[in-house]
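Below is one structure; the comments refer to it alone.
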Amino acid sequence: MGVVFVKSAIVPKGKFVSENEPITTAYDHGTLYGDGVFEGIRIYNGGVFRLNDHIDRLCRSAAGIKIKMPFSNEDVEKYILETCRRNEKKDGYIRVVVTRGDGDLGLDPEKCKTPTFFIIADGITLYPQEFYDHGMPVIVAKTRRPSTEVLDPNIKMTQYINNVLCKIEANNAGVMDAIMLTPHDHVTECTGANIFFVKNGELYTPAPNIVLQGITRKTVMEIVDSLEIPVNQGYYSIDKFYDADEVFVTGTGAKICPVRTINDIEREKYFDFEKPGPVTRKIMEKFDTITKDPEYLTPIADAKESWEEPNKKTPISRIDLLGI
Ligand SMILES: Cc1ncc(COP(=O)(O)O)c(C=O)c1O
């Protein structure tokens, strides 16, 4: 049974609890209104990938919807590492969630005095290996993305209903992901991943203001910079993706995954390859090296040294954190 780190109105001091214990109330505005933000972070080879980037993005997201982070960045890092250590994760996935917290039935955030903060460290279900070897099929969702004036895609909110509806479309079409378009017909991203296309040796990806600026997307930008592959960011119609030489998606869960087919109502694009295309393959290989590079990983083993050990007499299963 895994443990979750939590601080909330009902766990005011912050502590580790068993994953099936209550961590907040039914009145949490995260549940009632999707009023919260989150991060998904990857654990590779005993280290947390680009941890500072994820914590920074979490803080920016929280600031974007005016939730005050309950901890400093240093403490968030400490609790993330300790959650990984206690769950004995050497490879896996971390979810950090900050919601407005427990309030009343109205949506007024002023009624929520204590943000709910929790961390889960668990395994992750990847796309099947076949997708990495031979590419994944995707559809173009009919459900549109709200415009950026309505919801800023750079705030990673616990408000994913739009993505969920697109994922349902993908499920109904028998595929695992869907490309989402803006109301102006520009490609944005997939339901949980950024998207790129390759044309004549150059890389193209939707502009940063209409997508979540993914940490994997950023890593890909750095990789192609080192490979001297030009990269362009802009507003692209789906036609550009149909006309591309290669298409791939990027994300914390997805890593780098080539696309094999794209379907919309009228057409199908089939990328005819034995293996992922040459540019995608180079990026996949380099990304794989980076996930083993200590420069990008914060070792979970460090958690032990920086952790304030509880009083030895305290029962180990339910420990109040010191000094919170
Ligand atoms: C909508 C959306 N776009 C893009 C991404 C990729 O971002 P990252 O590479 O930071 O995981 C994610 C995943 O978190 C996502 O949910």
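Note down the nm distance, to one decimal, between modelled labels 7 Å out along Cα→Cβ at Asn20 and at Asp56.
Roughly 4.1 nm, to one decimal.
Quick one: dipole size for the stretch 46-203, taken about the Cα centre, charges +1 on Lys/Arg Cβ and -1 on Asp/Glu Cβ, in debye to the nearest 20.
240 debye
Can you give me the angle between helix 215-226 and the longest principal axis of the chain, using Cα atoms only, in degrees from 0 to 90, rounded to the nearest 10?
Roughly 50 degrees between the two axes.
Cβ neighbours within 10 Å, averaged per peptide: list 189-196, 124-131 in order, most packed at the top.
So the order, starting with the most tightly packed, is 189-196, 124-131.
Rounded to the nearest whole Å³, what is the per residue volume of the convex hull around the Cα atoms of the stretch 1-50?
Dividing the Cα hull volume of the stretch 1-50 by its residues yields 111 Å³.
Apply the Kirkwood formula to the chain: the hydrodynamic radius equals the inverse of the mean of 1/r over all pairs of different alpha-carbon atoms; give it in Å with one decimal. Mind showing how you got there, number by number?
Working: mean 1/r = 0.0480 Å⁻¹.
Hydrodynamic radius (Kirkwood, Cα pairs) of the chain is 20.8 Å.
Tilt of helix 51-64 relative to the longest C-alpha principal axis of the chain, in degrees (0 to 90, nearest 10)?
Once rounded, one gets 80 degrees.
With the dipole of the chain worked out from charges on the C-beta (+1 for Lys and Arg, -1 for Asp and Glu) around the Cα centre, which of Tyr235, Ser18, Ile155 lies farthest toward the positive end?
Ser18
Express in nm, to one decimal, how much length is gained between Ser237 and Ser147 on full extension, taking 0.36 nm for each residue of separation and deducting their alpha carbon distance.
Between Ser237 and Ser147, full extension yields 30.9 nm more.
How high is the relative contact order of the chain? Use alpha-carbon pairs under 8 Å, at least six apart in sequence, and give a whole percent.
21 percent
Would you work out the charge dipole size for the chain about its Cα centre, treating the Cβ of every Lys and Arg as +1 and the Cβ of every Asp and Glu as -1, and quote it to the nearest 20 debye?
760 debye
Between Glu88 and Asp302, what FRET efficiency comes out of the Förster formula 1/(1 + (r/R0)^6) with R0 = 22 Å and r the beta carbon distance, rounded to 0.05?
Computed FRET efficiency for Asp302 and Glu88 comes out at 0.90.
Full-extension gain between Thr261 and Glu295, please, as 0.36 nm times their residue separation minus the C-alpha to C-alpha distance.
8.7 nm
With a Cα-only, solvent-free Debye model of the stretch 6-115, what are the log10 I(q)/I(0) values at q = 0.21 Å⁻¹?
Per q value, in the given order, log10 I(q)/I(0) is -1.20.
Can you give me the angle between helix 73-86 and the longest principal axis of the chain, using Cα atoms only, in degrees from 0 to 90, rounded to the nearest 10?
The helix 73-86 is inclined about 90 degrees to the chain.
Positive end of the dipole of the chain, charges at C-beta (+1 Lys, Arg; -1 Asp, Glu), about the Cα centre: which of Phe71, Cys257, Gly92 has its Cα farthest in that direction?
Phe71
Tell me what the chain gives for mean residue ellipticity at 222 nm when only DSSP H runs of n ≥ 4 count, each as -39,500 (n - 2.57), the sum divided by the residue total, rounded to 500 deg cm²/dmol.
That calculation yields -7500 deg cm²/dmol at 222 nm.
Quick note: the coordinates plus some simple rules give every number you see, no bench work behind them. This structure is a prediction, so every number in the text was calculated from the model and none was measured. Heads up, the Cβs are rebuilt from the backbone with ideal geometry, glycines too, and the neighbour counts pull from every protein chain shown.
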